[in-house]
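Comments concern the structure below.
The values are calculated or read from the model by the stated rules, or taken from the named source; none is laboratory data. In this text the structure is predicted, and so the values were computed from the model without any measurement. Cβ coordinates were reconstructed from backbone atoms using ideal geometry, including for glycine residues, and neighbour counts include every protein chain displayed. These area figures cover heavy atoms from the full protein model, side chains too; ligands, DNA and RNA do not enter into them. Shrake-Rupley method; radii C 1.70, N 1.55, O 1.52, S 1.80 Å.
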Amino acid sequence: MTDVWTSDDVKLYHGDCLEILPTLEDGSVDAVVTDPPYGIGESGAKNRTRSHAAAARDYGDYTWDHERATAEHIVQARRVSHEQVFFGGNYYTDILPPSPSWIVWDKNNTGDFADCELAWTSHRRAIRKFKWTWNGFIKERPEQRWHPTQKPLALMVWVLENYTPEGATVLDPFMGSGTTGVACVQTGRRFIGIEIDKDYFEIAKQRIIEAQMQLSPDALL
């Protein structure tokens with residue numbers, strides 16, 4: 001069963017994106033901006049075994065990242081959108097076509113975390129780099145984290161402003177804790193989010209509500 005929540009220019013689905021995406025028309029959204037599961041187990045206990053100066057946060061042992069998204073996920077996401085940005089696109093080079101327009105997120109990491117993360121895009125432009133420290137005590141900016149693969153809000157704002165048109169409708173079929181949705185609210189984009197996990201769906205909804213309230217004139221009274 002799919003639950004739907006709407007508010008202003010936001011529509012959130014709690015359900016399986018492979019059941020919801022086929023109901024959307026071809027090219028019905030301007031862009032898909034998403035971070036699909038890569039099948040590397042970041043949601044499980046692995047994160048807690050890494051060496052840190054401080055203990056790593058325990059996000060629980062969810063199973064959503066035990067397998068990567070399928071070719072059908074990618075094909076459906078591309079079908080319904082004009083442009084796409086797929087974080088972790090390097091895990092999908094057997095499905096996605098070659099692209100000259102990768103995004104490099106320089107994390108400035110230490111330890112055994114990757115130095116950078118890659119995003120495949122459907123655009124025809126030069127490779128671009130965004131530098132934003134995200135782990136440890138030297139983060140660019142304090143930011144609460146709910147999800148093991150959560151992206152910095154500043155990164156998602158930068159992606160939207162550089163890879164989607166003003167006022168675009170943006171779809172994230174793997175919404176997680178809703179950072180892409182919050183970035184859409186902040187940048188004046190419409191947002192459609194899909195999330196299969198009920199807890200993350202509720203977190204995303206609450207974060208988006210709070211972002212909308214911050215932009216509301218009544219919130220300043």
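The table below gives the values:
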{"item": "Heavy atoms of Lys131: accessible area, 1.4 Å probe, square angstrom to 10", "result": "120"}
{"item": "Ile194 long-range amide H proximity, modeled H, under 5 Å", "result": "Tyr13, Asp172, Phe174, Met175"}
{"item": "Largest-first ordering by accessible area, 1.4 Å probe, given options Glu202, Glu72", "result": "Glu72, Glu202"}
{"item": "Out-of-range pairs (alpha-carbon distance over 23 Å; input Lys129/Lys151; Lys11/Lys107; Lys11/Lys131; Lys131/Lys151; Lys129/Lys205)", "result": "Lys11/Lys107; Lys11/Lys131; Lys129/Lys205"}
{"item": "Burial order of peptide ranges 12-21, 187-196 (average beta-carbon count within 10 Å, highest first)", "result": "187-196, 12-21"}
{"item": "Probe 1.4 Å, accessible area per residue of the stretch 143-221, Å²", "result": "41"}
{"item": "Glu166-Arg125 FRET efficiency (beta carbon distance; Förster radius 25 Å; 0.05 resolution)", "result": "0.90"}
{"item": "Projected label distance in nm at Ala71 and Leu18, using a 7 Å step from Cα toward the beta-carbon", "result": "1.4"}
{"item": "Simple spin-label estimate for Gln144 and Leu118 in nanometres, 7 Å along Cα-Cβ", "result": "3.5"}
{"item": "Cut-off under 5 Å, modelled amide H: who pairs with Gln84 long-range", "result": "Val32, Ser122, His123"}
{"item": "Intensity falloff of the stretch 154-207 expressed as log10 I(q)/I(0), Debye formula with alpha-carbon point scatterers, at q = 0.28 Å⁻¹", "result": "-1.07"}
